[in-house]
Structure formats: C-alpha cells, structure tokens
Amino acid sequence: MRGPLPASFYRGDPAEVARRLLGKLLVRLLDGRRISCIIVETEAYYGPEDPASRARRGGGLREVMGGEVGVALIYGIHRQWLLNIVAHGEGEYGAILIRSGEPLEGIEVMKRLRGVNDFKLLASGPGRLTRAMCVDKNFHGKPVYVRDYGLWIEDYMKLSPSMVAGSHRIGVSEDLPTPLRFYIRDNKFVSRRRP
C-alpha cells in the first residue's frame with residue numbers, strides 16, 4: 001500500500017512542484033470509502049510579486065502560503081472551493097492549484113456528488129474536482145502528507161518530460177511572463193485547451 005508523499009516533496013520552486021504533481025494520485029477517504037483522481041493539470045503561484053497570487057492581498061491566505069509546505073490551502077471563488085497545496089523554497093511563498101483530475105476510484109460516488117453522469121466532466125476543472133471529491137474549507141490548513149484528515153496525495157505514474165505541456169494560467173487578469181500552468185499532454189480530463 002502506498003503512503004502519502006512526504007512533506008519534503010513540496011519544498012522547492014512552485015513551478016517544479018506543479019510539474020512533479022502531474023500523474024500523482026489525489027486520494028479522499030469519504031465515509032470509509034476511498035475515492036481518487038490522477039492529477040492531470042496544475043498551476044503554480046508565487047508570493048506577493050505574483051500578480052495572480054492570493055499572497056499579494058495579504059491576510060490569512062498569504063500567511064498560509066508562506067507557512068508549512070504540504071498543507072492544503074482552500075478558498076472559495078464563484079461559489080466553489082479551490083484546492084491548493086502549499087509549496088515553496090525556504091523563506092518564500094507559493095502554492096499549487098490542483099486544476100483537474102482523471103477519476104480512478106469511487107467513480108459512482110463522484111457522479112452522485114457532482115450530480116452528473118458524464119465521466120469526462122466529473123473532475124475536469126478546479127471546482128468540479130473539489131465537488132467530486134467532497135473537499136471543502138474543512139481541509140484548509142491540514143497537511144496532505146498524512147492520512148489523518150482523509151485527504152492526501154500518493155505517488156502513482158511516472159511521466160516523461162515529453163508528456164508534460166504548459167501554458168499561461170487560466171482566468172487570471174494579469175500573469176507572469178513564464179507559463180505556470182502544466183498538464184498531461186493529450187489527456188481528455190484537462191479542463192481547457194489553450195495554446
């Protein structure tokens with residue numbers, strides 16, 4: 001049985017951690033039943049210098065983004081929860097948005113939670129993913145490198161560099177010049193195609 005990825009996995013440049021998260025397994029234990037998705041799309045966010053980062057605004061989210069790595073950072077936008085994982089180098093800020101997943105285990109549970117039967121739409125987007133896996137604000141500040149809270153990330157697939165594509169982040173009004181969205185090339189569960 002695989003264990004959760006260690007906290008040390010999340011130490012480093014957010015863009016690198018975002019790439020490394022592709023192909024990993026996001027696992028949720030819900031009422032004793034395991035549901036999971038392969039992470040197929042991520043976005044990296046930095047500190048106050050990043051115009052699209054929550055750290056730019058200050059307050060509690062900024063504090064969490066500069067705190068312990070491997071912790072869930074959850075906030076609401078457009079009446080849906082978004083799941084981020086804190087990741088950064090020593091003394092820095094950063095987090096990775098989990099944008100999309102490919103459902104693997106507990107698909108019938110996900111269909112019920114989402115109220116849809118279309119397999120492709122279950123977790124293809126950050127809000128769809130959190131609804132499909134019943135992830136909400138209760139996980140905010142909780143580590144994902146232990147099973148204690150019912151949400152963790154495991155190793156799963158090894159990807160070659162050629163399998164990973166990148167673009168600028170989606171839905172941000174101002175972005176950094178470097179592409180910070182990463183996804184598994186040709187995966188049908190990626191939320192949105194973008195050149």
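Just so you know, all these numbers are worked out from the coordinates, no wet-lab data involved. None of these values were measured; they are calculated from a predicted model. Note: ideal-geometry Cβ built from the backbone for every residue, glycine included; neighbour counts use all protein chains shown.
Miscellaneous remarks
- Highest-MSF residue in the chain out of Asp118, Asp136, Asp13 [GNM, Cα springs under 10 Å]: Asp118
- In segment 1-119, Cα pairs under 8 Å separated by at least six residues give a relative contact order of 29 percent.
- Environment charge of Val27, counting only residues whose C-beta is closer than 12 Å and scoring Lys/Arg +1, Asp/Glu -1: +3
- For Val164, the shell of other residues with beta-carbons less than 9 Å away shows a net charge of +2, using +1 for Lys and Arg and -1 for Asp and Glu.
- Under the convention that each Lys and Arg Cβ holds +1 and each Asp and Glu Cβ holds -1, the size of the dipole of the chain around its Cα centre is about 720 debye.
- For the chain, with +1 on Lys and Arg beta carbons and -1 on Asp and Glu, the positive-most of Ile74, Tyr10, Leu30 along the dipole: Leu30
- Note on Arg11 and Arg33: their simple-model spin labels are 3.9 nm apart, each label 7 Å out from Cα toward Cβ.
- Residue-span extension gain [Lys158 to Ser173] - 0.36 nm each, minus C-alpha spacing: 2.1 nm
- Antiparallel content of DSSP bridges confined to the chain, in %, to 5: 95 percent
- Helical contribution to [θ] at 222 nm, DSSP H n ≥ 4, -39,500 (n - 2.57), averaged over the chain, rounded to 500: -4000 deg cm²/dmol
- Length-normalised contact order for segment 73-173 - Cα pairs under 8 Å, 6+ apart - percent: 23 percent
- The distance from the alpha carbon centre of segment 116-195 to that of segment 40-100 is 13 Å, rounded to a whole number.
- Residue-wise HN-Hα couplings along segment 172-185, as the Karplus relation 6.51 cos²θ - 1.76 cosθ + 1.60 with θ = phi - 60° gives them from phi, are 9, 6, 9, 10, 7, x, 8, x, 10, 9, 10, 8, 6, 4 Hz; Gly and Pro carry x.
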